[in-house]
Structure formats: structure tokens, C-alpha cells
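Participant: Quick one: this structure, given as C-alpha cells, is what I'll be asking you about.
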Amino acid sequence: MVHFLHVKRRALFAAVAYLGFAAAAPFSALAQTNFPTKTIRLIVPFPAGGPTDIFARQYAIGLSRVLNQSVIVDNKAGASGAIGSLEVKRSQPDGHTLLFGTASNLALYNLMALKPQYDYLKDFTTVAVVGGSAVVIMSNKESPQTLKALIDQAKANPTKFRYGSPGQGTYLHLSMERFLLESGAKIEHIPYKGSGQAKPALLGGQTETMVDALGSALPLHQGGQAKILAIAANKRSSLAPDVPTVNEALGIKGFEAVLWNGIAAPAGTPKAVIDILATATAKVLKDPGLVEQLKQLAMEPTDSTPESATEYIKEEMMRWKPVIEKTGLRIE
């Protein structure tokens, strides 16, 4: 999680200053904007039940409490997050419609879409990067039970294995393709509309393996229905200490990937409104109850400001651009 943790450290001082401003005048000066005045709609551009949806619903509860206003989660899945993102882009820029996305639709879309319908940096204003969960590779009970065995068999039988992902062009899809590129194996990609559809396919044998976020995969692993073969992190997770890192399992050093989440508003949203949302988000992510809930889901909240979060997203774009070029992945 080196890159993700880097943004945490870099954002810390900026976040402290930001929260210091909020403490001095919590919402007094900013309240002149008269925000929020109605229910806030938090659009999640992925299906219900996946890791992003789970995080978004926990966040919505906290945001509603801090702002003393209703916050509803609205799942608008499709096109690797583009459908929901476009709806937010086209909404009134007043802060009452927000996007709760991932690297897939916030950082990768413009790099992968053949005919992009939005440009994140031009069409959105970042509120925060709020945290995420490490990427994992898992298999069903009938498939190889170690990552090395999976890769060895895939190399020996290039057409035998299939892996499921939450969709074409998603961060998880790209992470797996990067892994296959570095391991030298070939496994056919089967895209689904979210992790919620990919999991039954894995358990039912339509795919032999799957790429997911740790928090989403843990229940199947802990219940013995499937096995997580490796985690794309620099160390093992305390929630799954039996799961080796990709480096431990296969000797691929530095293979780290975190399915991070971010919050954005349409471009043109007043800065005072963004500041209110960012300050409220910082308060939500400091709540001990939320931190503990996310910990149990293997999700880690992080500190950021709108400025540091935007810089992090730019860095992610630059980090993944060479991978996209090497794999040749594109979204129709």
C-alpha cells in the first residue's frame, strides 16, 4: 500500500491545518452558503453489495449525522462507473449530488476510454480521497489453492483458466492484467457488473479465480467458500494473516494495489460548499465507530484535503498510464 500510505503522510500536515481552520470556525463562516438545504444524493457508480457500496453507505450515515441532513446512496452502475459519473457531472453544481467513486472512474476512465464522455480533472471537483482496501486474488475450492500453482498451471494450459472482475476497465481488472503481465501467465478475463455478480460466478465454477478487494473477499475466505491466494500489499493483513503477499507467494517485488475511494462534486460547485463537505468528511473519518467498522471490512480511512486528494488522483493517473499502454486495455 505504499502509494496509498504516501498520500496519507503527505496529506497529514495539510489535513491538520484544514481541521484547525474547521475547529476555529466549524461551520459559522461557511454556513453563509446555506448548505445543505435538502437531501444529499451520494451516487455510487457500481452495484450494491460491493466494497465501494459498503464504504459509501457507512460514509453516508456519518455525513448525515455531521451535516444534520439526510444522505441517500443511489447505485447507478454500468460502463465501469461511467454511467453514474456522468449523472453527477450533469447535475446541479450545488453540492447536493456527490460521486463516491474509485480509481476506476476517477483516475483510469480518461486513460482507457476510446471515446471518453468526461474528463475527471475538468468536469469534477475533488472533495476527498477517503481510503480503501488492498487488492486480492482468490480462487474457488476446485481450483489451485496457491498462487504459484495457479500460475504454473495457467502457463502449462493457457486456455484453461478464467478470472472474474467487477467490469472491463476497472481498477481491479487493470490490477489483474498488470499481475498477469508481470507473472507471464495467460488467464481469460470475464467481466461482470460488480463484485456481487463475479462472486457467484466464481463459486459456481463459471470462473476459476477472481480479483477483488480484501474487504469484499474476506467473508468467502473466512467461511471456507473460496480462498484468497495473495494480497497486493507490502505486508500481510492482520485480518487475514494466513494470506501471503504477492511477493511472498510468487516473488514479484513491489506489487501493491489499493482499491481506493474518493468523493467528488460537479465542476463549478462553490468552494465554500466543497470546504463544508471536506470538513464534514474529515469529521466522519475520525469517528471511532466508523474506523472500527471499516477495519473489520479491511478498509482503511485516510486524511486528505481537496487539494491533496486532487494531487493524489493526478499521481495515480501517471502511475497507471504505463500499465495501460503495456496491456493495451481500452473501454469501448
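Participant: Of the residues PRO47, PRO51, only one is at pLDDT below 90, open to solvent by 20 Å² or more (accessible area, probe 1.4 Å) and touching a strand residue (DSSP E or B) at 6+ places or on another chain (Cβ under 8 Å); which? Even if it seems obvious, please write down each step before you answer.
Facilitator: On the way: PRO51 fails: open to solvent by 20 Å² or more (accessible area, probe 1.4 Å).
Just one listed residue meets the conditions, PRO47.
Participant: Of (1) at pLDDT 95 or above; (2) touching a Gly at 6+ places or on another chain (Cβ under 9 Å), LEU239 satisfies all except one. Which?
Facilitator: Of (1) at pLDDT 95 or above; (2) touching a Gly at 6+ places or on another chain (Cβ under 9 Å), only one is false for LEU239: (1).
Participant: So which residues in region 140-184 are aliphatic (A, V, I, L, M) and without any contact (Cβ under 8 Å) to a residue 12 or more places away in the chain? Spell out how you get there, then give the answer.
Facilitator: Keep residues of region 140-184 that are aliphatic (A, V, I, L, M), which gives 147, 149-151, 154, 156, 172, 174, 176, 180-181.
Listed by number, the residues that qualify are ALA149, ALA156, LEU180.
Participant: In addition: Would you mind stating whether GLY101 is at positive phi, within 16 Å of the chain's Cα centre (by Cα) and crowded, with 23+ Cβ neighbours inside 10 Å?
Facilitator: So GLY101 fails the test.
Participant: Filter region 120-148 down to the residues that are under 20 Å from ILE263 (Cβ atoms) and among the charged types (D, E, K, R), then identify the one that is surrounded by the fewest Cβ atoms within 10 Å (Cβ to Cβ).
Facilitator: Ranking the qualifying residues of region 120-148, first place goes to LYS122.
Participant: Any idea which of THR245, THR279, THR269 is of a type in the set (S, T, N, Q), in contact with a helix residue (DSSP H, G or I) (Cβ under 6 Å, 6 or more places away or on another chain) and open to solvent by less than 20 Å² (accessible area, probe 1.4 Å)?
Facilitator: After applying the criteria, what remains is THR279.
Participant: Looking only at residues in region 70-102 that are polar (S, T, N, Q) and touching a Ser or Thr at 6+ places or on another chain (Cβ under 7 Å), which one is farthest from VAL127 (Cα to Cα)? Outline the logic, then answer.
Facilitator: Filtering region 70-102 down to residues polar (S, T, N, Q) leaves 70, 75, 80, 85, 91-92, 97, 102.
Pick out the ones that are also touching a Ser or Thr at 6+ places or on another chain (Cβ under 7 Å) and you get 70, 80, 91, 97, 102.
On the way: SER70: 18, SER80: 21, SER91: 16, THR97: 12, THR102: 13 Å.
The qualifying residue farthest from VAL127 (Cα to Cα) is SER80.
Participant: Determine, yes or no, whether LEU259 is open to solvent by less than 20 Å² (accessible area, probe 1.4 Å), touching a Pro at 6+ places or on another chain (Cβ under 8 Å) and farther than 16 Å from GLY62 by Cα.
Facilitator: Working: open to solvent by less than 20 Å² (accessible area, probe 1.4 Å): yes; touching a Pro at 6+ places or on another chain (Cβ under 8 Å): yes; farther than 16 Å from GLY62 by Cα: yes.
Judged against the criteria, LEU259 is a match.
Participant: Name every residue in region 283-295 that is under 17 Å from LEU259 (Cβ atoms) and open to solvent by 50 Å² or more (accessible area, probe 1.4 Å), in order of residue number.
Facilitator: Once the filter is applied, which keeps residues that are under 17 Å from LEU259 (Cβ atoms) and open to solvent by 50 Å² or more (accessible area, probe 1.4 Å), region 283-295 yields only LYS295.
Participant: Moving to a separate point now. Failed condition for THR310, given (1) within 18 Å of PHE124 (Cα to Cα); (2) β-branched (Val, Ile, Thr); (3) open to solvent by less than 20 Å² (accessible area, probe 1.4 Å), with all others met?
Facilitator: Tallying (1) within 18 Å of PHE124 (Cα to Cα); (2) β-branched (Val, Ile, Thr); (3) open to solvent by less than 20 Å² (accessible area, probe 1.4 Å), THR310 fails exactly one: (3).
Participant: Taking only pairs six or more apart or across chains, which ones have beta-carbon atoms under 6 Å, a first residue in region 185-199 that is open to solvent by less than 60 Å² (accessible area, probe 1.4 Å), and a second residue that is assigned to a loop (DSSP other than H, G, I, E, B) and among the polar types (S, T, N, Q)?
Facilitator: Note: pairs meeting the criteria are ILE190/THR207.
Participant: So VAL136 ticks every box in (1) at pLDDT below 95; (2) under 14 Å from the mean Cα position of the chain (by Cα) but one. Which box is left unticked?
Facilitator: (1)
Participant: I would also like to ask the following. Applying the selection to region 167-179, what residues are open to solvent by less than 10 Å² (accessible area, probe 1.4 Å) and either assigned to a helix (DSSP H, G or I) or at pLDDT 95 or above (or both)? Before the answer, list the steps.
Facilitator: Taking region 167-179 and keeping what is open to solvent by less than 10 Å² (accessible area, probe 1.4 Å), we get 167, 169-176, 179.
Answer for region 167-179, where residues must be open to solvent by less than 10 Å² (accessible area, probe 1.4 Å) and either assigned to a helix (DSSP H, G or I) or at pLDDT 95 or above (or both): TYR171, LEU172, HIS173, LEU174, SER175, MET176, PHE179.
Participant: Exactly one condition in (1) in contact with a strand residue (DSSP E or B) (Cβ under 6 Å, 6 or more places away or on another chain); (2) part of a helix (DSSP H, G or I) is false for LEU150; which is it?
Facilitator: (1) is the only condition that LEU150 fails.
Participant: Just the residues that are of a type outside the set (Gly, Ala, Ser), under 16 Å from PRO301 (Cβ atoms) and either touching a strand residue (DSSP E or B) at 6+ places or on another chain (Cβ under 9 Å) or modelled with pLDDT of 95 or more (or both), please, taken from region 56-74.
Facilitator: Going residue by residue through region 56-74, those that are of a type outside the set (Gly, Ala, Ser) are 57-59, 61, 63, 65-69, 71-74.
Now drop any that are not under 16 Å from PRO301 (Cβ atoms), which leaves 57-59, 61, 63, 65-66.
Hits for region 56-74 are ARG57, TYR59, ILE61, LEU63, ARG65, VAL66.
Participant: What's the total number of residues in region 113-147 that are closer than 21 Å to LYS199 by Cβ, of a type in the set (D, E, K, R) and touching a strand residue (DSSP E or B) at 6+ places or on another chain (Cβ under 9 Å)? Don't jump to the end; show me each part of the working.
Facilitator: Let us first name the residues in region 113-147 that are closer than 21 Å to LYS199 by Cβ, namely 132-147.
Then drop every residue that is not of a type in the set (D, E, K, R), which leaves 141-142.
Going one step further and asking which of them are touching a strand residue (DSSP E or B) at 6+ places or on another chain (Cβ under 9 Å), we end up with 141.
Residues meeting the conditions: 1.
The values are calculated or read from the model by the stated rules, or taken from the named source; none is laboratory data. Here the structure is a predicted model, which is why all the values come from computation and not from measurement. Methodologically, a virtual Cβ is constructed for each residue, glycine included, from the backbone with ideal geometry; neighbour enumeration extends over all protein chains shown. Heads up: the accessible areas ignore ligands, DNA and RNA and are worked out on the full protein's heavy atoms, side chains in. Shrake-Rupley method; radii C 1.70, N 1.55, O 1.52, S 1.80 Å.
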